[in-house]
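Worksheet: the structure to be examined is printed underneath.
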Amino acid sequence: MRRLVRYVGLVCTVVLLNFLVPRLLPGSPAAGGGGDEAAVLPSAAYQALVATYHLDLPLQAQPTRYLAGLPRGDLGWSLTSHRPVARIVVERLPWTLLLVGGAVVLAAALGGALGWAAAWHGRRRAVRLLTAATVGVGALPEFLIAMALIVAFSSRLQLFPAGGATTPFAANQGLLRALLDVAWHAALPGLTLVLGFTPAFALLMRNALVPVLGERYLVTARAKGLTSRRVVWHALRNALPPVATLLGLRLGTAVAGAAVVERVFAYPGMGWLLYEAVSTRDYPLMQGVFLIASLAVLTVNLFLDLIAARLDPRVEGQA
Amino acid sequence: MNASSHLRRRRNGRGTAAVGGAVLVVLIFLALAAPLLSPEEPGRIAGDPAAPPDPRFWLGTNALGQDLFSHLLYGARTSLLVGFLAACLSTGLSALVGISAGMWQQGQGMLMALVDLFLALPQVPLIVLLVVFWGPGFWPLVGTLALIGWAAFARVVRAQVSVTLRREYVEAARALGATEGRVLRAIVLTEVAPLLFTKFLLTVRWAVLMEATLGLLGLADPGRVSWGLVLHQAFGYPLLFLTDAWIWWVVPPAMGIVLVTVALMAVGQDVDLWLNPATRPPA
Amino acid sequence: MICLQPLRPARALRPVATFAVALLLLLAASGGAGALPAGPLRLVWWTDVGFPTPFATSTLGPGGVVRLSLLYDTLVWKDHTGVIPWLAESWRVSADGRRWAFSLRKDVTWHDGRPLVARDVQFSFEYYRTHPFVWVDTSVVAAVTADGPHTVTFVLREPFAPFLEDVAGIVPIVPAHIWEGVSEPRKAQDPGMATGSGPYRLAEYRPGAGEYRLEANRKYFRGRPRFKEIQYTVVPAERQLLAVQSGQSDVAMADTHDVVRAFSGHPYLRTWQSEPLSVARLLFNLERPPFDQKAVRQAVAYGINRTQLATLVTRGPGVPGSPGIVPPTDRWHNPRVRAYPYDPSRARILVAQAGLTSLSFELLTSPSPVVPVVQEMLRRAGIEVAVRTVDARTRAALVAEGKYQAALTFHIGAGGDPDYLRRWLGGGEANLFGQSAEFAHPEFRRLAAGQARTLDPAARRASVYRMQEILADELPTLALYYRRFYWVYDSRKFVPIATAGGLMNGIPLIENKLAFLGR
């Protein structure tokens, strides 16, 4: 119960922050132009934009409109694309969940396996090399991995598309074809993300296992050559909580998307959307995406807390 | 575990760690000595734009004709400093908040609420937002990364502390009258230290990476050569991938980043073994 | 010299096959041969540009408004010679320059089959009065009357020399029967709302993905369009050249000259360069020291080697900035303005004359490769530059609030009707580039207002020339260099055409719809 109260408090704080933070940025959303190539916006159009979106209202008056809309699922209108923020989010969210969420799960599985191997067979050269390679590749900026993959697999070998979430304007595909098309397009950006996410899981898994494996009876068991189910289970029980926590956190943040990868691959996800909203000062869009992303994380956290409490009743008393 | 296997294990770890440490020392030396070692001032337009390597410009020049080898050295300086500073600050914060929350029952709710708040805000956009707010620069970057990077691990640390405190031997120690300070020092720190070390490693890696990522997004401090800035300028060069330019322009700073990470990781393995109560050699 | 060969086109692999044989093919690389199939024209831009109506399209760059020109028509259009008839087959202007009468073509229909008539033109301009077109100001139009089904007369508030090129040539005519009664046109984004009269019609738009499919308007009054279909997709700038080289798109954009050399030996990819319509310039804050003194601004001009800068940054034959702002390639360019040849010692003397022992200032900028070069050049002239880097919007806000000493800005639009000299320095336009910094020079303001009212070409030229002289002498802003946009395109698909002064008001894009029409 107290936990719920705390989460409600957090949600309120987040909503408030979401309103305030974007507006602390210098610069107006109504000024035309973005990058170097932008041209000039006439003042009449500027005034109209200001009026349409009530940017001329004082800062104190703006949140009432925003808050009044929230319960109805009205997140306001984007100042740059003039579409409802809620609809934009609904369009983008599935792509991000698919791409980033999928990559997180894959990375957790891969990283977990790798960490497991590193802990149990840490002295084997192959395992060490593999771990080092994973960490090394994972250390590269996503942008770099992405471009390398594009150059190799898209431009030269032409095996995978360089961008987009689906083949543009492909009509009348069967469901299977459509699904494969989606997977085909997600392959390179997904791989980029998996490479980036894996090391954290591997390291965490290994470091959580190593102390357990040193425990006396496990050492004895291993000395006897036993890897009985009980030993494995004991090791897992110690290693899983931190790994599961990381997985949960990463899944929660997946909703915010992966700005860099989505941009390079022109993937229509939440991350790039939010980045553009920040750089164009599209307040309602920024708010909307931040809100959804924050709520997702909070929900995951609540969930993790509840699971922790379920697994270990003593946690409840402390919360 | 018998003595010989233990020795083998330590030697093995030490070998890796020695190599990792040596690499780090060399990198740090190169970074510190950049002004002495660089053949050119990083800002000086010394040659033709986008020239391939030659005896004078070992790694060729960038699109403005600045020496890329000098940029590599100066870049190491900035990127490593960002990484270490941000990692130190944020690991400190993680430890402080995580251990406090684990040990101090009354404050736990409040501290964890703070953690949750930080965790709830999406990371990369928040960093972008903060950097936009403060303007691209060295200290804003370090500050932002430190501020964003601590929360997730504070949670992990708290979890570890809670688990540890519930271990039978801790409860026994407490029952035998061990003070909280002693419990903290003797048990929690040793159990938490490996985690924190992992956190430190991950954060150095993450911070060096974020520096590069922000650089690629065009948010690096343009007045201070860093690996991120070098990469950003490389990607601004239209023929980067249509010619061989990427080999001497992108690969060296990328390898630098990889080297830092792998070296840290190698050092980490040994320190990990030493710090872990389970694997620590008997005194 | 770099010479790029085409990548061998790979077989069109199905996703199914890809997954199955990906690993094998890694080794087998690519094979197959033959020309690209004659499919749709595949154009690219680096962002989504919004729903393609004159109200909702993106103003973040010229991509949106140029795309509109494929869907909508204007009264007049431009080719390499200048203004040509389009929806209007002829026009007359009254002696006082306030009444413009246009005769419309009689064979124009909207995409839904209804005829385009004078009433639509009248409606468009009346509608834009309450719902402004995002790209240009139409407030100079006082009244529009449809005198018959195909005759329309504009009455202007005052004579307006740029009217033909900057209003009649830019403002899209929208169908009255679609927009009548629509109160929030920005938000009206049902597919049918994008009904225009242009050579292509909107078949599909996927927001977010930024994918547009345009179909040929077979009943187009200028003849059947060249392509059955035009597709626009989003390709980020850094991989546009890769995309065109590997056959994944038909155009790519770059802003440096080395691209021309790189593709010069290519069998079918060619480069097309725009006029130098994008300008990089310094804005001086005339109200704060040190740039409230003319001598100090001039010192900076002498301290920067603009020719070297232009060549260095554009990596080719650069176009150095003219102190009079109008590019040297433009027919309105005054070649006899004060030139400020590179002279660091002169810069030192001017600083001393201004009563300063040394000059240092803060340069407000968003990240740009130009900055360190300018900094280095000025250092050699004894001028210290402290760089303050912010993002573009922050820069705009700080400039608008006057919180800067000098700022660096890049933007397109230095072409077409020279009225931009008035607009940029008049303080009226809201934009990212600090044109809101007003230049309060009395003679300049008088000339600026006067030239816009002067229809006589010779008299107008005299005014515009004089304005450039004043700008060059006073230097409220210093043009550093001009940029061309370089487009790599598949010559088997189309041949780009030059547009005098750029599309509309100085837009260096390749998509003049004349190139996408049949011959």
For the stretch C:205-214, check the following and say yes or no: at least one residue is away from chain A (no Cβ under 11 Å), touching a Lys or Arg at 6+ places or on another chain (Cβ under 9 Å) and at pLDDT 95 or above. no
Only residues that are within 11 Å of chain A (Cβ to nearest Cβ) and part of a helix (DSSP H, G or I): list them for the stretch C:373-404, please. C:Ala392, C:Arg393, C:Thr394, C:Arg395, C:Ala396, C:Ala397, C:Leu398, C:Val399, C:Ala400
First in the stretch A:155-174 and closer than 22 Å to A:Thr96 by Cβ, second anywhere and part of a loop (DSSP other than H, G, I, E, B), Cβ under 6 Å, 6 or more apart: A:Gly163/A:Phe265; A:Gly163/A:Ala266; A:Gly164/A:Ala266; A:Ala165/A:Tyr267; A:Ala165/A:Pro268
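Do we find that C:Ala262 is surrounded by 21 or more Cβ atoms within 10 Å (Cβ to Cβ), within 14 Å of chain B (Cβ to nearest Cβ) and out of contact with any Gly (no Cβ under 8 Å at 6 or more places or on another chain) in this structure?
Criteria met by C:Ala262.
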Could you please let me know if B:Glu211 is among the acidic types (Asp, Glu) and either surrounded by 21 or more Cβ atoms within 10 Å (Cβ to Cβ) or outside any helix (DSSP H, G or I) (or both)? yes
Answer yes if at least one residue in the stretch C:248-258 is touching an Asp or Glu at 6+ places or on another chain (Cβ under 8 Å), assigned to a loop (DSSP other than H, G, I, E, B) and more than 13 Å from C:Phe485 (Cα to Cα), and no otherwise. yes
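Each row is one residue, and each column tells you yes or no for (1) in contact with a strand residue (DSSP E or B) (Cβ under 8 Å, 6 or more places away or on another chain); (2) at pLDDT 85 or above; (3) crowded, with 17+ Cβ neighbours inside 10 Å.
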| position | (1), (2), (3) |
| --- | --- |
| B:Gly137 | yes, no, yes |
| B:Ala146 | no, yes, yes |
| B:Trp150 | no, yes, yes |
| B:Arg155 | no, no, yes |
| B:Arg167 | no, no, no |
| B:Ala173 | no, no, no |
Against the conditions (1) surrounded by fewer than 24 Cβ atoms within 10 Å (Cβ to Cβ); (2) within 14 Å of chain C (Cβ to nearest Cβ), where does A:Leu106 fall short? Just the number, please. (2)
The stretch A:249-293 - residue that is farther than 21 Å from C:Val234 by Cα, within 11 Å of the chain's Cα centre (by Cα) and assigned to a helix (DSSP H, G or I) and, of those, farthest from the other protein chains (Cβ to nearest Cβ): A:Leu251
Being assigned to a helix (DSSP H, G or I) and more than 23 Å from the chain's Cα centre (by Cα) is the filter here, so list the residues in the stretch A:71-110 that pass it. A:Pro71, A:Arg72
The stretch C:318-355, residues that are out of contact with any helix residue (DSSP H, G or I) (no Cβ under 7 Å at 6 or more places or on another chain) and farther than 24 Å from C:Gln468 by Cα: C:Ser345, C:Arg348, C:Ile349, C:Ala352, C:Gly355
Against the definition (within 30 Å of C:Ala400 (Cβ to Cβ) and buried (at least 23 other Cβ atoms within 10 Å of the Cβ)), how does C:Leu214 come out, yes or no? no
From the list C:Val326, C:Val313, C:Val370, pick out the single residue that is touching a Pro at 6+ places or on another chain (Cβ under 8 Å), hydrophobic (A, V, I, L, M, F, W, C) and at pLDDT below 95. C:Val313
Filter result (in contact with a Ser or Thr (Cβ under 7 Å, 6 or more places away or on another chain) and within 11 Å of chain B (Cβ to nearest Cβ)) within the stretch A:194-203: A:Pro199, A:Ala202, A:Leu203
What pairs come out if I take residues in the stretch B:66-84 that are at pLDDT 90 or above and pair them with residues that are part of a helix (DSSP H, G or I) and among the β-branched types (Val, Ile, Thr) whose C-beta lies under 6 Å away, six or more apart or interchain? B:His71/B:Val230; B:Gly75/B:Val230; B:Ser79/B:Val208; B:Val82/B:Val142; B:Gly83/B:Val204; B:Gly83/B:Val208
Suppose we filter the stretch C:101-141 for residues that are among the aromatic types (Phe, Trp, Tyr) and either away from chain A (no Cβ under 14 Å) or more than 21 Å from C:Leu156 (Cα to Cα) (or both); how many remain? 3
Scan the stretch C:220-231 and tell me whether some residue there is at pLDDT below 95, on the phi > 0 side of the Ramachandran plot and away from chain A (no Cβ under 14 Å). yes
Does the stretch C:145-177 hold any residues that are surrounded by 23 or more Cβ atoms within 10 Å (Cβ to Cβ), closer than 20 Å to C:Lys106 by Cα and among the hydrophobic types (A, V, I, L, M, F, W, C), and which are they? C:Val152, C:Phe154, C:Ala168, C:Val171, C:Ile173, C:Val174
Criterion first (touching a Lys or Arg at 6+ places or on another chain (Cβ under 9 Å) and over 30 Å from A:Pro242 (Cα atoms)) does A:Pro84 satisfy it? yes
Check A:Leu251, A:Leu274 and return the single one that is modelled with pLDDT of 80 or more and surrounded by 22 or more Cβ atoms within 10 Å (Cβ to Cβ). A:Leu274
Just to verify a result, which residue in the stretch B:223-232, among those that are surrounded by fewer than 24 Cβ atoms within 10 Å (Cβ to Cβ) and not charged (D, E, K, R), is farthest from the other protein chains (Cβ to nearest Cβ)? B:His232
Can you name every residue in the stretch B:102-124 that is of a type outside the set (Gly, Ala, Ser) and more than 7 Å from chain A (Cβ to nearest Cβ)? B:Met103, B:Trp104, B:Gln106, B:Met110, B:Leu111, B:Met112, B:Leu114, B:Val115, B:Phe118
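The values are calculated or read from the model by the stated rules, or taken from the named source; none is laboratory data. It should be emphasised that the depicted structure is a prediction, and the values quoted were computed from it without experimental measurement. Cβ: placed from backbone, ideal geometry, glycine included. Neighbour counts: every protein chain shown.
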